[in-house]
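First comes the structure, then the notes that go with it.
The values are calculated or read from the model by the stated rules, or taken from the named source; none is laboratory data. Please read all numbers here as calculations on a predicted model, not as lab measurements. Methodologically, a virtual Cβ is constructed for each residue, glycine included, from the backbone with ideal geometry; neighbour enumeration extends over all protein chains shown. The protein model used for the area step is the full one, side chains on, heavy atoms only, and it has no ligands, DNA or RNA in it. Shrake-Rupley method; radii C 1.70, N 1.55, O 1.52, S 1.80 Å.
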Amino acid sequence: MLRRIAPIMLTLVVVALGITALTARPERATPERTADFVVLVGVPGLRWEDVDPQTTPTLWRMAQDGSIGSLAVRSAHRPTCPVDGWLTLGAGSYSAWNGSRQPGGCPPTAVTVEQPDGIGANLPDQESTVLHNQERLPWGAVPGALSESVRCSVAIGPGAAVAAARPFGRVDRYAPALPEDPAELLGSCVLSIVDLGAVAGEDPAARAAAAREADTRLARVLAARPPRSLVLVAGVSDTDAPSRLHVAVADGPGWERGWLTSASTGRDGYLQLVDLAPTALTALGRPMPERLFLGRPAESVGGRPADLATAVAVPADADREAAAQRRVADWFFALLAGAQVLLAVAVLPLLRRARRHAGPYGPEPVSRRVVAVVELLLIAAALAVPAALLADAVPWWRGDHAGAYFAGVTVLLLVAATAVVRLAPGYASTLGPLGAVAGLTTLAVGVDVLTGARLQLNGVVGYSALEGGRYSGLGTVGLGAFLAGALLSAGWLAQRVRRSWRPPVMVAVGGAAVLIVGSPYLGADPIGAIALTAGLSVAAAISAGGWLTISRLAWATMAGLALTIGFAVLDLRRPPTERGSLGRFLAAVGDGTGGLTVHRANTANFETLVNSPLTVLALAGALLVWFALLQPWGGLMRLFGIYPAMRAAMAGTGVAAVIGGALGGDALDVAGAAAALVVPMAALAALRVLDHSTDRTQPESARQRDEGSGGTGDGPGGTGDGPGGGPDGTGPEGPAPSGAGAGPARGAEPGTAPDTPPATPAPRAPGPPAGADGPTAGTATGARTMANQSSTEVTTS
């Protein structure tokens, strides 16, 4: 009875853990009206490295009194050109101007602004731009939604006219340039948008001159600001490729000396361009438009250093790191994919010759030294991702040769981590290196997430703030490495206990991982939590032995669906501005706009599939597993037969990685990151299993003496799940054969085969020499022995 209800209970536990992780959210204060007027000041291209007390004294004083942060200027076009940035500011969603594009360039023509009455202005191209964003782009943005929500707005400068124009092209109040005294103009409407000119180029002198001129104009704006007003200064766009992080400063009541943040970033000191429109409406106490902005209202939080120079150095350093990350990440993943492919090719002949034949005939086995070197290379390859993650604890991006510094730090960490695995107790056992590598990976990624995921933000194996997709929690690569490490660690631990305890051990370790991945305080990845729940359910179902049957697959599917439905129901009950990605998607499906989300996910999956080096890692790993490791000579089927908990962990990892990538718009990136860990460790374990494939079990009397003295090994002579012993000294289907088994694995770790030399087999009857597959069959006893061995080989292979 207990065995029948165990899957149900474990499924309920996993689902409960997942829903608890996903629905627990930080409490946020209800936004309140803080200003009677809002002035949005845009300076395209302005970065924090342009701001100092001498060049921009006005902006420096404003930053001293107000709140500051890094602004990510993502739009519907990359890089974000000035016209795209202004349009996105007014739409509150990712937008792009309707014009011809050059690869990596900006529209060559300027925006036409007409002034028929001398009061306002018209943009004749605005309606076609709205149609372009509605019908051709996947974000469904409505340019002019901000001005339409306040009904009266002022635009000063051509860029500001783009942001302030309503969907039909009308600008309520317009001035082509900033007047000497703009007080009357700024006080005529509750919302004013001001274009102070761009800071472009990479020449320090030219940038300083442009920043100084913009600062002089800013002084006139601040002198004429209306009473009880909020002034936001933002570097609203890029002016050159590639993209960079820009300036964001807020000054007004309730914005004193803090960091800027928003619910869309979840990271103190970071803001998105799409957050400025909802911030303005919230400050004015105006309702949000019917079609919600993609951004969320900004807020000011504490924790900023008292010294402004120290505080400004933080976003300036983040900009340098993000710029360096983009350059280094491409070649790092390309090298990692190439190295793992070459290593997979090198492993093939070793797998072919790893099986040691019992008789005097057969191919000569590979040198122990060669195998030892290859094993160390496999360990290093599996540890490459966590080593690169830890490398971001060192500020390698500050030097002139950032790529070389990163490579040096990563290699040092990789050598140190490989040495730790090599010197760890139990290294000689079959699963020793796998358990150590999985544990180190889980520890590295898990500790980073528990401490704020600081190493992933702008990290080489993390996520870039320039992309605008994620600013906190687990990234794509981190998710793949963490779920693989967590499930392999759970399988390694489960293999060390009795069969009946293996599913609870899998659920305990995997459940903790689900909490870390799904909690908005930690991993903040609901899709990753759902995928991990499905993978964990698969792993728990087959961890005690047996195959992935229809019923077990059904339980895993039900667990994922139950978690998804439970989270969706609770998420939909929240206010619209507080919903997560799943709740927003279901609400969009209800109002008929869910197709845009599906289109964006499909587009992201395709672009990632064809452009990411991790796709190569995922496909190369799948090919190695299918055409080599899973073949009769590959050793992986034998490993799965002896260690069913590891089979469960690897199967669960595959399920979770594929689901997480497909639902998250990451294609095979999650699977590639997981394969970077799983495939090298699977190859290493297969080599070790094959190396002992012809070892013999001890005679029955010796085995009984070993069991009486406390042996609990998995395999012959123990009480695990190897061909020679089940939980009670029996095989999977009955009493274990006494002739031969899979042989003891290396090492002496509890729960696995003992690390003792194979016992001398029983004396053989005279006859011809033994072949490669078993002992001589010269007597009835020898025939029975060979039959038993063949039976065992079928079971384990």
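Ranked by the mean number of other Cβ atoms within 10 Å of their residues, highest first, the peptides 619-631, 524-536 come out as 524-536, 619-631. Determine which residues of the range 109-152 fall in the zone a paramagnetic label at Ala200 would reach in this model, i.e. backbone nitrogen under 16 Å from the point 7 Å along Cα→Cβ. What the label zone holds, given the 16 Å backbone N cut-off, is 109-112. Solvent-accessible area per residue in the range 380-442 equals 40 Å², computed with a 1.4 angstrom probe and all protein chains kept.
With the simple spin-label model, which puts each label point 7 Å out from Cα in the Cβ direction, the Leu630 to Thr55 separation comes to 5.8 nm. The overall shape of the range 69-217, judged from the alpha-carbon gyration tensor, is oblate: a/c is not under 1.5, and a/b is no greater than b/c.
Share of the range 303-409's accessible area from carbon and sulfur, percent, 1.4 Å? Carbon with sulfur: 64 percent of the solvent-accessible area.
Considering only alpha-carbon pairs that sit under 8 angstrom and 6 or more positions apart, the relative contact order computed for the range 112-238 is 22 percent. Here the accessible area is traced with a 1.4 Å probe on the protein chains. For the range 74-195, carbon and sulfur cover 51 percent of it.
Length available on full extension from Arg454 to Val610: 0.36 nm per residue minus the Cα-Cα distance, which gives 53.3 nm. Averaged over residues, the count of other Cβ atoms within 10 Å places the peptides 192-201, 644-653 in the sequence 644-653, 192-201, highest first.
Could you order the peptides 458-465, 514-521, 213-220 from most to least packed, using the average number of other C-beta atoms within 10 Å per residue?
Highest mean packing first, the order is 458-465, 514-521, 213-220.
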